[in-house]
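Written below as structure tokens is the structure these notes are about.
Just so it is clear, none of the values below were taken in a lab; they were calculated from the coordinates. Keep in mind it's a predicted model, so treat the numbers as computed, not measured. So basically every Cβ, Gly included, is an ideal-geometry build from the backbone, and we count neighbours across all protein chains shown.
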Amino acid sequence: MTGRPMRVVGWYHSHPHITVWPSHVDVRTQAMYQMMDQGFVGLIFSCFIEDKNTKTGRVLYTCFQSVQAQKGSEYERIEIPIHVVPHEAIGKVCLESAVELPRILCQEEQDTYRKIHSLTHLDPITKIHNGSVSVH
């Protein structure tokens, strides 16, 4: 992506296992972003939601902005319409990233283990414990 023109249009985060509706903190955060750019939007994804009738998993999402509430200095959310276009296949860049992620995580784990294990002030029991919980 370096060297290409880019414009940030919003931010996102997830609410695993709970509703996608923004919390008061989310709404306030969105209001702060909109002070930099009125076009900023917030996206929230709720993963691991199970349909009680079919027992199938689904992902919910919402897109929102913040507006000044009628009373006081509070903000409230307004929903921004969003349309997700499904794709039949995973794009090459996404697939490459998904394949690379486990290698990166494993390398981080090994680097951390080596760094901790090389500390001279740790007693042998601590080193044995650290070695037993390390993922190889």
Quiz item: Where does helix 92-117 land angle-wise versus the long Cα axis of the chain, in degrees 0 to 90, nearest 10?
Solution: 40 degrees
Practice problem: Please give the helix 124-133 orientation as an angle from the longest Cα principal axis of the chain, in degrees from 0 to 90, rounded to the nearest 10. | Solution: 50 degrees
Quiz item: Using alpha carbons only, how many degrees (0 to 90, rounded to 10) separate the axis of helix 24-36 from the longest principal axis of the chain?
Solution: 80 degrees
Self-check item: Net dipole in debye of the range 1-88 [+1 Lys, Arg Cβ; -1 Asp, Glu Cβ; about Cα centre; nearest 20]
Solution: 80 debye
Quiz item: Residue by residue, what Karplus-based ³J(HN,Hα) values in Hz, rounded to whole numbers, does the range 5-19 have, using 6.51, -1.76 and 1.60 with θ = phi - 60° and x for Gly and Pro?
Solution: x, 8, 10, 7, 10, x, 9, 8, 7, 10, 10, x, 6, 10, 4
Quiz item: How high is the relative contact order of the chain, in percent, counting Cα pairs under 8 Å that sit 6 or more residues apart?
Solution: 17 percent
Quiz prompt | Spin-label model distance (nm) - Arg28 vs Asn130, 7 Å beyond Cα toward Cβ | solution = 3.9 nm
Practice problem: Compute the length gained on full extension between Thr112 and Glu79: take 0.36 nm times their separation in residues and subtract their Cα-Cα distance, giving the result in nm to one decimal. | Solution: 7.6 nm
Quiz prompt | Reach of Lys52 by Cα under 20 Å, taken over lysines that are not fewer than 8 positions away in the same chain | solution = none
Practice problem: Return Glu76, Glu96 ranked ascending by Cβ neighbour count within 10 Å, so the fewest neighbours appear first. | Solution: Glu96, Glu76
